[in-house]
Amino acid sequence: MSFLSSQPESIGKILDISIKLYKASFMKLLGFFLIMAVFYVSLGLVIEPLMPTPQADSTAMPNFDNLGMIFGFIFIMSIFSFILYSAMIYRIDNVENNREDTFMEGLQMGFRTFPSILLAVILYTLAMTIGMVLLVIPGIILSLSLAFYMYFIVLDSLGGYASL
């Protein structure tokens, strides 16, 4: 059963279709949700003790000795997030199109698309930075028009540059 409509729909119908797709794909995504929850909780537990503590003297500089390690953990978490989000997009598309897949096929898709996603994230961030520095409103328009790059990479097998 296809959830997506082939013609314009009202907002109520779009929400109804979204809820049905969510219900149909929830169990296939539960493992990814649990993995992400474990990653996020462990990231918080690791980073919290590394955070600089406020100084009693308000003029003293906080201690930023662990800043590199904090950014390293956040970068590693970002890598895992990209892989897991790609896998979830792949599995939702398979639910929509009535294709069977496995948890491992989703993870393989995440690993396979990661290099393209990393390139797209770098280019997207660069474009957003330039757009926001030059003019705010065109930067917002640019950020919204380029925001769906991950879907093009996963579902249409486009590269990082072509997806933008």
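The values are calculated or read from the model by the stated rules, or taken from the named source; none is laboratory data. All of these numbers come straight from a predicted model, not from anything done at the bench. For neighbour counting, all protein chains shown are included, and Cβ atoms are generated from backbone atoms with ideal geometry for every residue, glycine included. Accessible surface areas use protein heavy atoms only, side chains included; no ligands, DNA or RNA. Shrake-Rupley method; radii C 1.70, N 1.55, O 1.52, S 1.80 Å.
Taken per residue, the accessible surface of the chain reaches 66 Å², heavy atoms only and a 1.4 Å probe. Only one item in (1) 55, 53, 43; (2) 47, 38, 32; (3) 64, 39, 33 matches Cα extents along the principal axes in Å derived from the coordinates shown, and that item is (3).
Helix 103-134 and the longest principal axis of the C-alpha atoms of the chain enclose an angle of approximately 60°.
The portion of the accessible surface of the chain made up by carbon and sulfur, rounded to a whole percent, is 72 (1.4 Å probe; DNA, RNA and ligands excluded). Highest mean packing comes first when the peptides 80-86, 151-157, 66-72 are listed by Cβ atoms within 10 Å, giving 80-86, 151-157, 66-72. At the residue level, MET150 shows approximately 30 square angstrom of accessible surface with a 1.4 angstrom probe and all protein chains present.
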